[in-house]
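First comes the structure, then the notes that go with it.
Just so it is clear, none of the values below were taken in a lab; they were calculated from the coordinates. For clarity, every value in this text was computed on a predicted model and none was experimentally measured. All Cβ positions, even for glycine, are placed from backbone atoms using ideal geometry, and neighbour counts span all protein chains on display.
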Amino acid sequence: MRYLGNKTRLLGFIRRVLRARGITGGRAIDPFSGTASVASALKRWGFAVTAGDIMEYGYILARARVALSQPPDLQPLAARLGLRGAALPAVLHHLNRLPPSPGFIHEHYSPGGEEGARAGRMYFTPASAARIDAIRGALHEWRAGGLLDADGHDLLLAALIEAADRVANTTGVYAACVKSWQPNALRPLALRAPGLLAGNGCEARRGDALQLVSDTPPFKLLYLDPPYNSRQYAGYYHIPELLALGWFDGPVALRGKTGLIADAHKRSAWSSRRRCEQALEALVASARCRHIVMSYNAEGLIPEATIERVLRTYGRDGTYRRYRRGYRRYRSDADSDTRRYRGDRVDEYLYCVDRS
Ligand SMILES: C[S@@+](CC[C@H](N)C(=O)[O-])C[C@H]1O[C@@H](n2cnc3c(N)ncnc32)[C@H](O)[C@@H]1O
């Protein structure tokens, strides 16, 4: 999924640093898991992973990509729908062929709806929006009617969130939509079978990182990838959040040009210049773990000197190190918030320390 701070590109670097520091297994906590790209890689590398995020879509993605280790039982649903063959592909095929059913997303986030047209919201073509509505509605009904258990529901919902993102008419964040249709927005919405990873003892959690880390008994690795600038994910990814939460429990108040939802309780201290340094210190102080590895942008709100001071204060003497991966900038690389460019160089950092 296109996501601010997505670390998919950095997995090789993260793995090399973990190996170099002899961190090979045990419980790993990723309390800012986002798309779960690092959390699922940690699972693949043999860790028992706890992935958490303050956003509901982060929780759903972590449920599908980290917590689930075997296919959910979709047989009762497939039987009720009269589907033949392996249940997961058959259910995905069924969802991909549902007739469009214009509803909430069509009304508010596509120009096919009155509100969407009035506000100039071109997040999805009317056709994609009506198909998203049909699929989201089916998942809700199946779950409410007991045809889907939580595993099946969350797996299919994660597939919908990712599929919707592939056809969203944005440049990667939902803080604005593009004012003409981009090629990706004109492609048909298609749910794909999520790849499930075998693993033991992996789980997904929702909520604040500090709560998750301080509630966890001693563990091996704390991997931190917090927001590093003042952009609040709650405002930049409100549409994936709506897809995750649904709109079935009563009217949803939308505000502003982009149709934001209420998010005061999801505004992050890590995106506040005034609160981020204290958030880092509180989190590191509360973690009962052997190793801390932190991704942070060199131009982030927390100064490098503060990160170093905090990690040295709570870490074991002689174990602090900052790893840098530099590489030549490719012509296709645009400036981005996740990378620091110096001329034609790009630097990525991992700050590491061991605790006793
Ligand atoms: C840089 S992104 C993580 C990206 C992730 N590693 C990936 O590869 O997709 C930061 C994440 O922190 C989450 N977040 C922000 N504040 C949080 C908090 N206080 N507790 C938990 N998660 C938080 C955001 O929702 C976002 O998903």
**Complete:** Using the Kirkwood formula on alpha carbons, the hydrodynamic radius of the stretch 190-276 in angstrom works out to 16.2
**Prompt:** To the nearest 20 debye, what is the magnitude of the charge dipole of the stretch 107-149 about its Cα centre, counting +1 on the Cβ of each Lys and Arg and -1 on the Cβ of each Asp and Glu?
**Reply:** 120
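For each of Arg121, Arg97, count neighbouring Cβ atoms within 10 Å of the residue's Cβ, then give the residues from fewest to most.
Details: Arg121 24, Arg97 9.
Ordered by Cβ neighbours within 10 Å, fewest first: Arg97, Arg121.
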**Request:** Arrange the peptides 209-221, 288-300 so that the one whose residues have, on average, the most other Cβ atoms within 10 Å appears first.
**Result:** 288-300, 209-221
**Prompt:** From the backbone phi of the stretch 169-175, what are the Karplus-calculated ³J(HN,Hα) couplings (6.51 cos²θ - 1.76 cosθ + 1.60, θ = phi - 60°) in whole Hz, Gly and Pro given as x?
**Reply:** 8, 10, 9, x, 10, 9, 5
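Treat the stretch 58-132 as a sphere of radius equal to its Kirkwood radius over Cα pairs and apply Stokes-Einstein at 4 °C in a medium of 1.567 mPa s; give the translational diffusion coefficient in µm²/s, rounded to a whole number.
Once the numbers are plugged in, D ends up at 90 µm²/s.
Assigning unit charges at the beta carbon (Lys, Arg +1; Asp, Glu -1) and nothing else, what dipole magnitude in debye, to the nearest 20, does the stretch 221-285 show about its Cα centre? Let's see the in-between values first.
Working: 8 positive and 6 negative charges, 68 e Å.
Dipole size: approximately 320 debye.
For the stretch 187-337, just run the numbers: alpha carbon Rg, then divide by 2.2 N^0.38 Å, N being how many residues it has.
Numbers: Rg = 18.9 Å, N = 151, 2.2 N^0.38 = 14.8 Å.
In units of the 2.2 N^0.38 Å rule of thumb, it is 1.28.
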**Message:** From Cα pairs below 8 angstrom and at least 6 apart in sequence, can you work out the relative contact order of the stretch 85-204, rounded to a whole percent?
**Reply:** 25
**Message:** Over 16 Å apart: what share of the alpha carbon pairs of the stretch 133-187 falls there, rounded to a whole percent?
**Reply:** 51
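Based only on Cα atoms, what Rg/Rh ratio does the stretch 98-140 have, Rh being taken as Kirkwood's radius?
Numbers: Rg = 9.4 Å, Rh = 9.6 Å.
Radius of gyration over Kirkwood radius for the stretch 98-140 works out to 0.98.
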**Request:** Set Lys and Arg Cβ to +1 and Asp and Glu Cβ to -1, take the dipole of the stretch 110-188 about its Cα centre, and tell me which of Ala134, Ala175, Leu157 lies farthest positive.
**Result:** Ala175
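List the relative contact order of the chain as a percent without decimals, with contacts defined as Cα pairs under 8 Å and 6+ residues apart.
On the way: 666 pairs, mean separation 67.5, N = 356.
About 19 percent, as a whole number.
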**Prompt:** Using the C-alpha atoms of the stretch 1-57, what convex hull volume per residue, in cubic angstrom, is computed?
**Reply:** 79
**Dipole-positive endmost among Gly46, Ala67, Phe32 within the stretch 1-86 (Cβ charges, Cα centre)** = Gly46
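From the C-alpha coordinates alone, can you work out the Kirkwood hydrodynamic radius of the stretch 124-260, in Å?
Computed over the stretch 124-260, the radius equals 17.5 Å.
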**Asked** Which value, in debye to the nearest 20, describes the size of the charge dipole of the chain about its Cα centre when Lys and Arg Cβ atoms bear +1, Asp and Glu Cβ atoms bear -1, and nothing else is charged?
**Response** 1360
**Message:** Taking just the alpha-carbon atoms of the stretch 1-150, what radius of gyration and Dmax come out, in angstrom?
**Reply:** 19.3, 58
**Fill in**
The ratio Rg/Rh over the Cα atoms of the stretch 94-190, Rh being the Kirkwood inverse mean 1/r radius, stands at 0.99
**Complete:** Contact order relative to length for the stretch 1-92, counting C-alpha pairs under 8 Å separated by 6 or more residues, stands in percent at 21
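Per-residue ellipticity at 222 nm for the chain, helices alone: DSSP H runs ≥ 4 residues times -39500 (n - 2.57), over residue total, nearest 500 deg cm²/dmol? Please report the intermediate quantities before stating the final value.
Numbers: 15 runs with 134 residues, N = 356.
My calculation for the chain gives -10500 deg cm²/dmol from helical runs alone.
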**Prompt:** What is the P(r) of the chain, as percent of Cα-Cα pairs per 10 Å bin from 0?
**Reply:** 5, 24, 31, 25, 13, 3, 0
